[in-house]
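Reviewing the structure listed below.
A short reminder: the numbers here are calculations on the coordinates, not readings from a lab. Source: prediction; values computed, not measured. Cβ sites come from the backbone with ideal geometry, for glycine too, and all protein chains shown count toward neighbours.
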Amino acid sequence: MNKTIPLFLITLLATPRLRAEPAGWAQVPGILARIQAPAFPARDFAITNYGAVPGGQTDCTLAIGKAINACAKAGGGRVVVPAGEFLTGAIHLQSGVNLHLNTNAVLKFSTDSKAYLPAVFTRFEGMECWNYSPLIYAYGQENIAVTGEGTLDGQADATHWWPWKGRESRGAEARPGAGARLVEMVADGTPVDQRRFGEGDNMRPCFIEPNRCRNILIESVKIRRSPMWEIHPLLCTNVTVRGVDIFSHGPNNDGCDPESCRDVLIENCLFDTGDDCIAIKSGRNADGRRVGVPSVNLIIRGCTMRDGHGGVTIGSEISGSCSNVFAENCEMSSPNLNCALRLKSNAVRGGVEQNIFMRNVKVGQVSDSVLQIDFLYEEGTNGSYQPVAHNVVMENVTVDHTPRVLNVRGFPGAEISNVRIYNSTFKQIEKPDVVKDADVKLVNCSLEPAK
């Protein structure tokens, strides 16, 4: 595969994965100092000046592409989507371009899968391949953004995209995808350039994917009805996701999935999703170990989580490992939110999840537990790679209603160590905790059973 690795990524690839006790929250100011949103020249390129027609019926893909080309050629600026509905296929950003949606602007993405071909280099559920382009995509670019008060509408539903999950979904007949074939290719060591998918393979694209980019801003937009993962920074550095409003309840509709990224800030966002609200990843199985780039230095603050499998999740595609996650000042509550903090892996995926910190979080209700660590996820013990969760600390967490506080499932040979919850309050507890093969302690916590 003839893909040039951007220079900034060489340093990321060379970073060793060291296991050492961190300075904890004292690291946050230094991380924030490195995370700077990109700035753009004061030049606007309205897509209507390049042939885009509002109304949501005319394909504006070519016009939007022309506006992006003109903006990049001029040295950067804003590609502006004015008020109105505009139909489009795949949008590919270039360095220096801020795709800006004005108030009442709607980009409606085509439900014709051919609008996302030719295939691009991506990851599908943590495995490298060539597949449909994400709806908004960039490869190896710098200083890019998606901003504004408008709406990105993927138009996925029971008829389009979601049935590709592979089982009956949202009332539609299942059309299984080729994900299992990709898993086999990874296990067999098939070269990445031979892992090519497209029409008929039914492998859904992500919504927004900057791939091997740096200096990224995604701010204020509303995201609706995604084929699958909403925001998927992949092998990126210096990422800011701010003030985004996500409501999308399809299968695998994770809100934000930073994968093998460094220096990421997710703040003041609203997540109401069909899967994990935030899911930090680093590649799956042999592919994650081959690429070998962890997710490091991620800050999550001021976010609201409603429906979802987990509020803040790490895994399950975590074979490249993850460290230094800081989540604070968030609010979570829904009868359809499984847990506040979720770590998941197994003996096939392995990976080290370490130095995970959460504090000052208010939880109304969750449906399973406050903390879930699941190392029996999917393949469970049927592998030879040790999953590790080490130095996981929660403090000042208040929960009004939870079936249990802990649902922690390890196994002999895995490691779940130094997991601590300090100075927290849990109310309306209905069930005993589950703790298997794990070192977990609650310190100075208040637990009130349901009446």
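Here are some notes:
- Amide H contacts of Arg195 (H built 1.01 Å from N, under 5 Å, at least 5 apart or other chain): Trp130
- A crude spin-label estimate for the pair Thr190 and Asp157, with each label 7 Å from Cα along the Cβ direction, gives 3.4 nm.
- Sequence-distant lysines (8 or more away, or on other chains) whose Cα lies within less than 26 Å of Lys427: Lys344, Lys362, Lys436, Lys441, Lys451
- Per-residue 3J(HN,Hα) values for segment 105-111, derived from phi via the Karplus relation 6.51 cos²θ - 1.76 cosθ + 1.60 with θ = phi - 60°, read 8, 10, 9, 9, 8, 4, 8 Hz in sequence order (x marks Gly and Pro).
- Derived scalar couplings ³J(HN,Hα) [segment 246-251; Karplus, 6.51 cos²θ - 1.76 cosθ + 1.60; whole Hz; x for Gly, Pro]: 10, 9, 7, 10, x, x
- Aspartates and glutamates with Cα under 20 Å of Lys73, excluding same-chain neighbours fewer than 8 positions away: Asp44, Glu142
- Think of it as helices only: each DSSP H run of n ≥ 4 in the chain is worth -39500 (n - 2.57), and spread over all residues that comes to -3000 deg cm²/dmol at 222 nm.
- For Ala327, nonlocal amide neighbours, meaning residues 5 or more places apart or on other chains whose placed amide H falls under 5 Å from its own, are Ile300, Phe357, Met358, Arg359.
- Gained length - Ser384 relative to Glu199, 0.36 nm times residue gap less alpha-carbon distance: 63.1 nm
- Sequence-distant residues sharing a close amide H with Cys445 (under 5 Å, placed H): Asn423, Ser424
- Extension reserve of the Ala33-Phe411 stretch, reckoned as 0.36 nm per residue once the Cα distance is removed: 132.1 nm
- For segment 212-245, applying the loop criterion from DSSP together with a ceiling of 16 other beta carbons within 10 Å to the trypsin sites (Lys or Arg not before Pro) yields no site.
- Computed over the chain, relative contact order equals 9 percent, with contacts defined as Cα pairs under 8 Å that lie 6+ residues apart.
- Zone residues, segment 385-414, relative to Asp433, backbone N less than 11 Å from point 7 Å out along Cα-to-Cβ: 405-408
- Take the Cβ atoms of Lys73 and Ala23, set R0 to 45 Å, and the FRET efficiency comes out at 0.50.
- Remark: segment 59-64, residue by residue, has Karplus-estimated 3J(HN,Hα) of 5, 9, 4, 5, 5, 5 Hz, where x stands for each Gly or Pro and the curve is 6.51 cos²θ - 1.76 cosθ + 1.60 at θ = phi - 60°.
- Hits among lysines - C-alpha to C-alpha of Lys66 under 29 Å, sequence gap 8 or more where chains match: Lys3, Lys108, Lys114, Lys222
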